[in-house]
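The next block holds one structure in the form of structure tokens; read it before the comments.
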Amino acid sequence: MKVVILAGGLGTRLSEKTTEIPKPMVEIGGRPILWHIMKSYAAYGFNEFIIALGYRGEVIKDYFVNYCNRTNSLSVRLASGEVTRHNGETEDWTVHLLDTGLNTQTGGRVKHAAGFIGKEPFLLTYGDGVANIDIKRLVEFHRRRGKLATVTAVRPPARFGGITLNGDLASHFEEKPQIGEGWINGGFFVLEPGAVDYIEGDATHWEHEPMRQLAAGGELAVYKHEGFWQCMDTLRDVQLLENLWQNGKAPWKIWQE
């Protein structure tokens, strides 16, 4: 099963980082968040990716075209341009870099990617969020339910520290907990080919009419994930993820070095 990652948005809410690079290329621990997402899928054996490009797509293309050279020691014969790589391993991934249009919305990008894949189910997520979701269990859940689409529902992270009160004393304090009520779209979808028929064209937002119509028709299953999930919408989010990584407390790091 192939993995589609939406990586073409403008990232305007993270403009401090996205003037020159697309949001999926913002680094956590010296690697783009896109790489972290791909490592999470590959840890469960899903290692063929379709990256739906838009804004500054050439940056993502350059990163993967030169990936082996970036991650290995090199010897270069300047007279011939011959490059020899040394002492390094690289990911066994196939990465398709698909131009889907600068102004195309999320639904349009999904439709372009599905056209490239053909008539088979696929995984889908956004290029700016990480989680410790068990992807194999997600796929198994989708197959059991037999619906056209499955969305992963997550608890939204609270923006502020939570205080449990006992009179005028604090009995418990937790910095930025995930709230105990409510569910939101966490990405990490599984889609059957028929789900793509709900997308009209490039101007369609996947999260609007397609998902609404799938839900209304009883064709949108919900996989509840109670574990870690974090999107990267703001500079504060980047700093949170970076601190978790640097302190060895990154819950989404489920792969072995």
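What follows is calculated from the coordinates using simple rules that are stated; it is not laboratory data. Just so you know, these numbers come straight off a predicted model, no measurement behind them. Every residue, glycine as well, gets a Cβ built from its backbone with ideal geometry; the counts of neighbours run over all protein chains shown.
Taking the Cβ-Cβ separation of His208 and Ile254 as r and a Förster radius of 30 Å, what is the calculated FRET efficiency to the nearest 0.05?
0.40
Taking the Cβ of each residue in Met38, Met1 as the centre, tally the other Cβ atoms inside 10 Å and list the residues starting with the fewest. Can you show the working numbers first?
Working: Met38 24, Met1 14.
Fewest to most other Cβ atoms nearby, the residues stand as Met1, Met38.
List Asp62, Asp128, Asp92 from most exposed to least, where exposure is judged by having the fewest other Cβ atoms within 10 Å.
On the way: Asp62 13, Asp128 25, Asp92 7.
Ordered by Cβ neighbours within 10 Å, fewest first: Asp92, Asp62, Asp128.
Taking the structure as given and computing volume of the Cα convex hull per residue in Å³, which label from (1) 139; (2) 159; (3) 280 fits?
(2)
Helix-only estimate, please: 222 nm mean residue ellipticity of the chain, summing -39500 (n - 2.57) across DSSP H runs of length 4 or more and dividing by its residues, to the nearest 500.
-7500 deg cm²/dmol
How do Lys61, Lys119 rank when sorted from fewest to most other Cβ atoms within 10 Å of their own Cβ?
Lys119, Lys61
Which of the peptides 18-29, 191-202, 234-245, 207-218 is most tightly packed, and how do the rest follow, going by the mean number of other Cβ atoms within 10 Å of each residue?
In decreasing order of mean packing, 18-29, 191-202, 234-245, 207-218 become 18-29, 191-202, 234-245, 207-218.
Please label the shape of the range 1-105 as rounded, prolate or oblate, based on the square roots a ≥ b ≥ c of the eigenvalues of the alpha-carbon gyration tensor (a/c under 1.5 means rounded; beyond that, a/b larger than b/c means prolate, else oblate). Numbers along the way, then the final one.
On the way: a/c = 1.89, a/b = 1.45, b/c = 1.30.
The shape class here is prolate.
Under a plain spin-label model, where a point goes 7 Å from the Cα along Cα-to-Cβ, how far apart in nm are Asn66 and Ser15?
2.8 nm
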